1. How many residues, within region 77-116, are farther than 17 Å from GLY40 by Cα, open to solvent by 20 Å² or more (accessible area, probe 1.4 Å) and over 15 Å from the mean Cα position of the chain (by Cα)?
2. Within the group SER21, SER66, SER28, SER57, which residue is over 18 Å from ASP171 (Cα atoms), of a type in the set (Ser, Thr, Tyr) and touching a helix residue (DSSP H, G or I) at 6+ places or on another chain (Cβ under 8 Å)?
3. Could you count how many residues in region 19-47 are part of a strand (DSSP E or B) and either in contact with an Asp or Glu (Cβ under 7 Å, 6 or more places away or on another chain) or open to solvent by 70 Å² or more (accessible area, probe 1.4 Å) (or both)?
4. When you look at GLY156, is it farther than 23 Å from LEU103 by Cβ, at pLDDT 75 or above and of a type in the set (Gly, Ala, Ser), yes or no?
5. Answer with yes or no whether GLU135 is modelled with pLDDT under 95, within 30 Å of HIS2 (Cα to Cα), open to solvent by 50 Å² or more (accessible area, probe 1.4 Å) and not basic (Lys, Arg).
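The values are calculated or read from the model by the stated rules, or taken from the named source; none is laboratory data. The shown structure was predicted, so the numbers you read here are calculated from the model rather than taken from an experiment. Positions of Cβ are backbone-derived with ideal geometry, glycine not excepted, and every protein chain shown enters the neighbour counts. Each accessible area value is taken on the protein alone, full model and side chains, heavy atoms only, with ligands, DNA and RNA left out. Shrake-Rupley method; radii C 1.70, N 1.55, O 1.52, S 1.80 Å.
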Amino acid sequence: RHPHQLVRTQVKQALQTGGTSPETLKNSLQDIALQFNAQGAWARVRGQTALWGVLPSSRRLKRLRSWLARHVAPDLAVFHTHEIPAQLRDDTELVRHASGLLLIRINANVTILLLRSEQQEHIDWAGEQQHVKPETHRQKLSPRTSFAVWREQVKGQAWPWTATDIEAAHDLRTALVELIDYLALEHKSLTDPLTGLGNRNLL
């Protein structure tokens with residue numbers, strides 16, 4: 001929990017100092033993704049988009065976001081899965097790069113999407129692969145064939161999000177909601193509501 005708390009503090013400080021510029025968003029997104037052990041990340045803040053890491057192509061990413069918009073309830077703040085949805089299993093690029101999803105909705109204008117790659121991409125096994133036959137009472141699985149069966153079983157799956165990950169996602173959302181509300185109130189107090197120009201307080 002402590003590393004997650006440090007990242008939240010860093011992100012809040014960065015956004016307070018640099019605002020929602022593309023560079024600030026990208027750096028903050030990288031810090032968040034690395035802490036959550038995600039291989040890719042996408043974020044949108046008030047019309048600004050930030051990308052980091054290993055991601056599907058823009059067309060595939062758009063398809064993924066469309067699926068999330070249709071199938072995840074709009075009032076659900078945090079959504080997570082470590083298995084690619086059945087409707088997207090036909091897309092090998094999404095399976096490879098987005099089998100694990102962690103969606104954090106801060107508000108209507110701020111969204112963070114973290115991606116974990118398919119689990120089997122991160123497992124190496126020495127030697128040539130062997131064809132796997134179903135286990136019978138006559139044939140016991142060797143370590144190599146057991147590994148091949150395991151690869152088939154976890155196809156389209158990423159390493160699961162832990163309970164600490166999900167707790168940290170909710171804490172991150174709470175921290176960013178408070179920060180965004182604070183920045184909005186600060187902007188309101190320092191600018192003229194009609195013209196948007198700086199007022200006496202800002203001077």
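1. Counting residues in region 77-116 that are farther than 17 Å from GLY40 by Cα, open to solvent by 20 Å² or more (accessible area, probe 1.4 Å) and over 15 Å from the mean Cα position of the chain (by Cα) gives 7.
2. Going through SER21, SER66, SER28, SER57 in turn, the sole match is SER57.
3. Number satisfying all stated conditions: 1.
4. No; evaluated as a whole, the condition is false for this residue.
5. Here the answer is no, as GLU135 does not meet what is asked.
Residue-by-condition table, conditions (1) in contact (Cβ under 8 Å) with a residue 24 or more places away in the chain; (2) farther than 26 Å from LYS155 by Cβ; (3) of a type in the set (A, V, I, L, M):
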position: VAL11; (1), (2), (3): yes, yes, yes
position: HIS80; (1), (2), (3): yes, no, no
position: ILE84; (1), (2), (3): yes, no, yes
position: ASP90; (1), (2), (3): no, no, no
